[in-house]
């Protein structure tokens, strides 16, 4: 992390995504904002920049009327910001003169001149400039001129931040360490230098490190004895800490902070140590004699050791699976299907991520209010299926990722057999469950059915669905089988393999990008399977109805993209002319069915393909290198139908997969 403390020496930030604030405590409320900041910076390939102030503005502008005790020293704050993945922190020396800038001066001479941000992530109630007279409305004036874009942090999040800060301070002053820890998301920290004391602890058999905290505004918790963890030069030790005025041995009214480190005898004078406060043990007491004090210290040590064993930070279980749901204006679908996805999918530890493609409905608000355990990745615009998933999955590192539509109804523990199968067979790159219809539960669903295949000319079809003919599920396809492609409505992928192969091709936007990705996996020598013993139900057309000219355009165009990127060059010499004829016939069929917009969509699809052909060749070359690096075996063509599904369906009237001769 880069730290800048001199405004006139700032570098030129690339596509800066900035936020501004004191960030005192860097607690769970702040962490949500920082997560949004880093995600947005990743999304636009920019830099995250936190602008913070030192000293705290209230201790400059309001002093001495309204001094505030800070939860972090500057160094503690910087360390916490680094742990939250921030790339750049600018520490602005806050002075009375700085506070006298007019709001427009603040924006133009401070923000734009120094940072030239692409985005500003800011609270709805953010005030700035002379007499705090500037607000988010003024920022949005500049947004309307194209200077930068504003991401407004909603009121409930700002209120959470304010409430959290207040509650942390209150809890610490009352000795409620557990509540403070819950709001902070980590144990409260005291950092300081070890100084010489009067050696009384050594005389009693409990030598202490006397802590000097240089930050005069740092909040010191209530007086008493605590169980603590001590960090010394990156090594950790257990101990107990006393905060108080030493009433048993001193008349001085001075707060002392003394730490007894268990099983430790090194000289650490003048060294800086960090104390993490784990539990409050007892209030400060005045003892009648040193013997009574020593007896109490023995009890304190035992209580501290017991407490540390009980509350020793549990090693966080690493999730094995990430369920990733892409969403665009799907609040009604989320209300219907998210409960089952979250609570019934697996016995394995899993994370759930909602990737939101800049919804204009209440999708994000709904999930954040009712499902706070779901991580929400808010994208700055609608990237479509392919690039939406690529950007949303950038920080996902679980072994497996579930790509699932928001309109899929899952069954109990449906993921477990799939994960168990992939755990024992590393040749499998993707598994798809059997996908049936929500509305007609005894039928397969159009988008995937019992696994996808592709014919010699690139037309996709499924076990259970050829073109518009969807079969009734009578158990005819219940055997596990290798397929050519898995449905983007619901499939489980190996996360590393997905990323090693470049994820989905964002040029597809939507439709057949999963076939393109599966083809890459097959060329790298992996298998793709359907496990029909696992069943999920798909609404279908929940995000874009099946019979839609836009969908026709994407399907015809993307099918040409698919072939140009993956088929052999020799085969393309005859496939592309044949596709032109077959797609022309389809266009005539649409005209006869009184669907002129669909015919026009086919013409537009071919024009788009020819225009973008140079870019497709460039992408093909990039992916060739990715495939070579991920290569597990020879190219796998199983699931490729050597004949023409168009001929079989329209001429021979073969409408079922079981009627084909594979």
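The figures follow:
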| quantity | calculated |
| --- | --- |
| Subset of the range 113-129 [loosely packed, with under 14 Cβ neighbours inside 10 Å and out of contact with any helix residue (DSSP H, G or I) (no Cβ under 7 Å at 6 or more places or on another chain)] | 113, 127 |
| Count of residues meeting criterion [at pLDDT 90 or above and within 28 Å of residue 18 (Cβ to Cβ)] in the range 152-182 | 2 |
| Hits in the range 557-598 (condition: buried (at least 20 other Cβ atoms within 10 Å of the Cβ) and either more than 40 Å from the chain's Cα centre (by Cα) or assigned by TED's automatic domain parsing to the domain that holds residue 510 (or both)) | 579, 587 |
| The range 433-454 - residue that is within 28 Å of the chain's Cα centre (by Cα) and within 21 Å of residue 559 (Cα to Cα) and, of those, surrounded by the fewest Cβ atoms within 10 Å (Cβ to Cβ) | 447 |
| Condition check for residue 578: touching a residue at least 60 places away in the same chain (Cβ under 8 Å), out of contact with any helix residue (DSSP H, G or I) (no Cβ under 7 Å at 6 or more places or on another chain) and not in a strand (DSSP E or B) | yes |
| Residue match in the range 59-68 (condition: touching a strand residue (DSSP E or B) at 6+ places or on another chain (Cβ under 9 Å) and closer than 28 Å to residue 381 by Cα) | no |
| Whichever residue in the range 183-208 is assigned to a helix (DSSP H, G or I) and at pLDDT below 85 and, among such residues, is nearest to residue 81 (Cα to Cα) | 201 |
| Meets criteria (free of Cβ contacts under 8 Å to residues at least 40 places away in the same chain and surrounded by fewer than 20 Cβ atoms within 10 Å (Cβ to Cβ)) for residue 468 | yes |
| Filter pass, residue 115 being within 26 Å of the chain's Cα centre (by Cα), assigned by TED's automatic domain parsing to the domain that holds residue 91 and in contact (Cβ under 8 Å) with a residue 24 or more places away in the chain | yes |
| Odd one out for residue 517, checked against (1) closer than 27 Å to residue 415 by Cα; (2) in contact (Cβ under 8 Å) with a residue 40 or more places away in the chain; (3) not in a strand (DSSP E or B) | (2) |
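Listed here are the residues, each with its yes/no results for (1) in contact with a helix residue (DSSP H, G or I) (Cβ under 6 Å, 6 or more places away or on another chain); (2) over 23 Å from residue 41 (Cα atoms).
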{"residue": "332", "(1), (2)": "no, yes"}
{"residue": "338", "(1), (2)": "no, yes"}
{"residue": "345", "(1), (2)": "yes, yes"}
{"residue": "353", "(1), (2)": "no, no"}
{"residue": "362", "(1), (2)": "yes, yes"}
{"residue": "391", "(1), (2)": "yes, no"}
{"residue": "422", "(1), (2)": "no, yes"}
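The values are calculated or read from the model by the stated rules, or taken from the named source; none is laboratory data. Note that the structure is predicted; figures quoted are calculated from it, not measured. Note that each Cβ is placed from the backbone with ideal geometry, even for glycine, and that neighbours are counted across all protein chains shown.
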